Each structure stands twice: as C-alpha cells, then as structure tokens.
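The values are calculated or read from the model by the stated rules, or taken from the named source; none is laboratory data. Keep in mind the model is a prediction, meaning the values are calculated, not measured. For the accessible areas, the whole protein counts, side chains as well, though only heavy atoms, and no ligand, DNA or RNA atoms are used. Shrake-Rupley method; radii C 1.70, N 1.55, O 1.52, S 1.80 Å.
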Amino acid sequence: MDRLDLRGLSCPLPVVNTKRELKKLARGESLEVVVDTGTSRDNVTRMATKEGCEVEVRETEEGHFVLTITRVK
C-alpha cells in the first residue's frame, strides 16, 4: 500500500494530490493518506467517497489523521 504524507499542506492541495494518486488505483487497492487538519480529513474523505472509494479514518496520538482509502468501483 502506498502512503502519502500530506501534513502541512493547505487545502486544496491534499485533495488534489490524493485524487491524482487515486486514479492509479485498481479496484481493491488501497492508499494511505496522512493529514494534519480536520478540514483536510473531511475534504479528502468527501472527494474519495465521490470517486467510488471507501475511507477508514483513525486519529494518531499526535493528532494527525490516517485515512485508508480503498477503491471499490
């Protein structure tokens, strides 16, 4: 699974970078995305869902968000 560390980037960059990587995924493949704001978490989740993906979110002890995005369509 590939991993994108997008901490420190302001929107829309986390969404733009994630969308570019999602285009490379085949059905069933996953991408792990790390962001550091709730806004980025919400925007990336919304975009990935619209792109036909499932998203699991967990928060780290450091306050970052790790999104595991899996292409289902």
By DSSP, what percent of the beta bridges with both residues in the chain are antiparallel, rounded to the nearest 5? 75 percent
A correct Karplus calculation of ³J(HN,Hα) over segment 29-41, with 6.51 cos²θ - 1.76 cosθ + 1.60, θ = phi - 60°, whole Hz and x for Gly and Pro, returns 7, 10, 9, 9, 10, 10, 10, 10, 9, x, 5, 4, 4
Extension gain residue 64-residue 23, at 0.36 nm per residue separation less the Cα-Cα distance, in nm? 12.3 nm
Mind checking the angle between helix 13-22 and the chain's longest principal axis? C-alpha axes, 0 to 90 degrees, to the nearest 10. 30 degrees
Mind ranking 1, 47 by accessible surface for me, highest first, 1.4 Å probe? 1, 47
Taking θ as phi - 60°, what are the ³J(HN,Hα) couplings along segment 44-58 by the Karplus curve (6.51, -1.76, 1.60), each to the nearest whole Hz, with x for Gly and Pro? 5, 4, 4, 5, 5, 5, 5, 7, x, 10, 9, 10, 10, 10, 9
If I histogram all Cα-Cα distances within the chain using bins 10 Å wide from 0, what percent of pairs lands in each bin? 22, 61, 17, 0
